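Taken together, the values in this text are just the output of simple stated rules run on the coordinates, not laboratory data. Predicted model only: the values in this text are computed from it and were never measured. Positions of Cβ are generated from backbone atoms using ideal geometry, with glycine treated the same way; all protein chains shown enter the neighbour counts.
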Amino acid sequence: MYEHVGKVFGKLDVLVLNASGGLEQDVDQGYAMRLNRDSQVALAKEALPLMGAGSVIVFVTSHLAHFHGEKEVMPEYEPVAASKKAVEVKLREMSPALEWVGVRLVVVSGDLIDGTITPKLLDRMRPGIINQRREEAGRLPTTEDFAASIILAAGRNNLDSGVTIYVGNTEW
């Protein structure tokens, strides 16, 4: 993939990392860490030769993962939350090396996003969780809200590296 990007475009300005797995049935215990942490860290490292001054890595996560260890997480989401938090920690550890070559890291963290698969899967496991969260938060962000924040993260060069953009209510 990166070889193709290099040949066609010569560089990579924006890398959006948004893997999220671990709620699937019949997967082994290490699946969420391999998909969410290991693959995304590897993708970021492999992208660096194509990235340079002014490039940005946008890491997309959930509030449940971003605040993992600080706020309670429903047991059904624990493997996802732990693994997404682990990739955020690893990417933040890479920040000095990223900044050295002029690459910024921006994290976009979202509440349950209305209409997306993760809330639907959680609602199957714990019926009523979407409506409960909607009542607690006042409203759930839409995919349009979330996409606008990702575009903001990718396009605003004045955002400091390491900043987190929050989409939706952060209070649980």
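Any residue at all in segment 103-118 that's in contact with a Lys or Arg (Cβ under 6 Å, 6 or more places away or on another chain), assigned to a loop (DSSP other than H, G, I, E, B), without any contact (Cβ under 8 Å) to a residue 40 or more places away in the chain and surrounded by 16 or more Cβ atoms within 10 Å (Cβ to Cβ)? Even if it seems obvious, please write down each step before you answer.
Just the residues of segment 103-118 that are in contact with a Lys or Arg (Cβ under 6 Å, 6 or more places away or on another chain), to begin with: 112.
Pick out the ones that are also assigned to a loop (DSSP other than H, G, I, E, B) and you get 112.
From what's left, without any contact (Cβ under 8 Å) to a residue 40 or more places away in the chain: none.
Within segment 103-118, not a single residue is in contact with a Lys or Arg (Cβ under 6 Å, 6 or more places away or on another chain), assigned to a loop (DSSP other than H, G, I, E, B), without any contact (Cβ under 8 Å) to a residue 40 or more places away in the chain and surrounded by 16 or more Cβ atoms within 10 Å (Cβ to Cβ).
Scan segment 2-39 for residues that are on the phi > 0 side of the Ramachandran plot and surrounded by fewer than 13 Cβ atoms within 10 Å (Cβ to Cβ) and jot them down.
Gly10, Asp26
Could you please let me know if Ala19 is small (Gly, Ala, Ser), under 27 Å from Thr118 (Cβ atoms) and out of contact with any helix residue (DSSP H, G or I) (no Cβ under 9 Å at 6 or more places or on another chain)?
Values: small (Gly, Ala, Ser): yes; under 27 Å from Thr118 (Cβ atoms): yes; out of contact with any helix residue (DSSP H, G or I) (no Cβ under 9 Å at 6 or more places or on another chain): no.
When the stated conditions are applied, Ala19 does not pass them.
Yes or no, residue by residue, for (1) part of a loop (DSSP other than H, G, I, E, B); (2) charged (D, E, K, R); (3) under 13 Å from the mean Cα position of the chain (by Cα):
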{"position": "Ser83", "(1), (2), (3)": "no, no, yes"}
{"position": "Glu135", "(1), (2), (3)": "no, yes, no"}
{"position": "Arg139", "(1), (2), (3)": "yes, yes, no"}
{"position": "Ile165", "(1), (2), (3)": "no, no, yes"}
{"position": "Glu171", "(1), (2), (3)": "yes, yes, no"}
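Checking Met74 against (1) within 20 Å of Asn169 (Cα to Cα); (2) surrounded by 15 or more Cβ atoms within 10 Å (Cβ to Cβ); (3) of a type in the set (A, V, I, L, M, F, W, C), which test does it fail?
Answer for Met74: the failing condition is (2).
Count, please, the residues in segment 144-154 that happen to be surrounded by 12 or more Cβ atoms within 10 Å (Cβ to Cβ) and over 14 Å from the mean Cα position of the chain (by Cα).
Just the residues of segment 144-154 that are surrounded by 12 or more Cβ atoms within 10 Å (Cβ to Cβ), to begin with: 145-154.
Adding the requirement that they be over 14 Å from the mean Cα position of the chain (by Cα) leaves 145, 148, 152.
Residues in segment 144-154 being surrounded by 12 or more Cβ atoms within 10 Å (Cβ to Cβ) and over 14 Å from the mean Cα position of the chain (by Cα): 3 in total.
Just to be sure, is Ser161 farther than 13 Å from Val60 by Cβ and small (Gly, Ala, Ser)?
Working: farther than 13 Å from Val60 by Cβ: yes; small (Gly, Ala, Ser): yes.
Taking the combined requirement at face value, the residue satisfies it.
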